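The values are calculated or read from the model by the stated rules, or taken from the named source; none is laboratory data. Note that the structure is predicted; figures quoted are calculated from it, not measured. Neighbour counts run over all protein chains shown; Cβ positions are idealised from the backbone, glycine included. Side chains are part of the model used for accessible areas, which takes the heavy atoms of the whole protein and leaves out ligands, DNA and RNA. Shrake-Rupley method; radii C 1.70, N 1.55, O 1.52, S 1.80 Å.
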Amino acid sequence: ETITQIKQVVDIPVIATIISSEMDVAGRVRAGADILNISGAARTPEIVVKIRKDFPDIPIIATGGPTEENILHTIAAGANAITYTPPSPAVLFKEMMEKYRE
């Protein structure tokens with residue numbers, strides 16, 4: 001219902017976030033979701049595979065995870081685009097300080 005209402009008032013693509021393979025993806029697509037954003041933590045690739053099987057043409061954005069391997073796995077699962085959160089300043093600073101102390 002919310003997606004249908006949004007589609008009536010915006011003129012840009014509607015992106016629906018999916019966090020579990022148990023969610024009603026078909027209902028969201030029928031309601032007008034133009035793009036799916038998959039954010040299922042470690043299960044993201046398997047969710048992407050399932051959705052890609054059922055909806056081969058819908059654009060999928062997915063969280064890539066913390067490593068290059070995770071990102072490649074998600075792309076191989078069928079994601080069209082990856083969202084990536086870089087390391088926080090605290091993590092980067094910690095690494096820099098560890099190198100400095102050596």
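Things to note:
- Residues satisfying the stated conditions in region 45-73, i.e. assigned to a helix (DSSP H, G or I), under 25 Å from residue 27 (Cβ atoms) and either among the hydroxyl-bearing types (Ser, Thr, Tyr) or touching a residue at least 24 places away in the same chain (Cβ under 8 Å) (or both): 45, 46, 47, 48, 49, 50, 51, 52, 54
- Residue ID - farthest from residue 52 (Cα to Cα), chosen from residues in region 5-27 that are surrounded by 12 or more Cβ atoms within 10 Å (Cβ to Cβ) and not hydrophobic (A, V, I, L, M, F, W, C): 7
- Condition met for residue 82 (modelled with pLDDT of 90 or more, open to solvent by 30 Å² or more (accessible area, probe 1.4 Å) and outside any helix (DSSP H, G or I)): yes
- Residue 57 meets the conditions (1) out of contact with any strand residue (DSSP E or B) (no Cβ under 6 Å at 6 or more places or on another chain); (2) open to solvent by less than 90 Å² (accessible area, probe 1.4 Å) in every case but one. The failed one is (2).
- Here residue 76 passes the criteria (1) surrounded by fewer than 17 Cβ atoms within 10 Å (Cβ to Cβ); (2) modelled with pLDDT of 95 or more; (3) part of a loop (DSSP other than H, G, I, E, B); (4) of a type in the set (Gly, Ala, Ser) except the one numbered (3).
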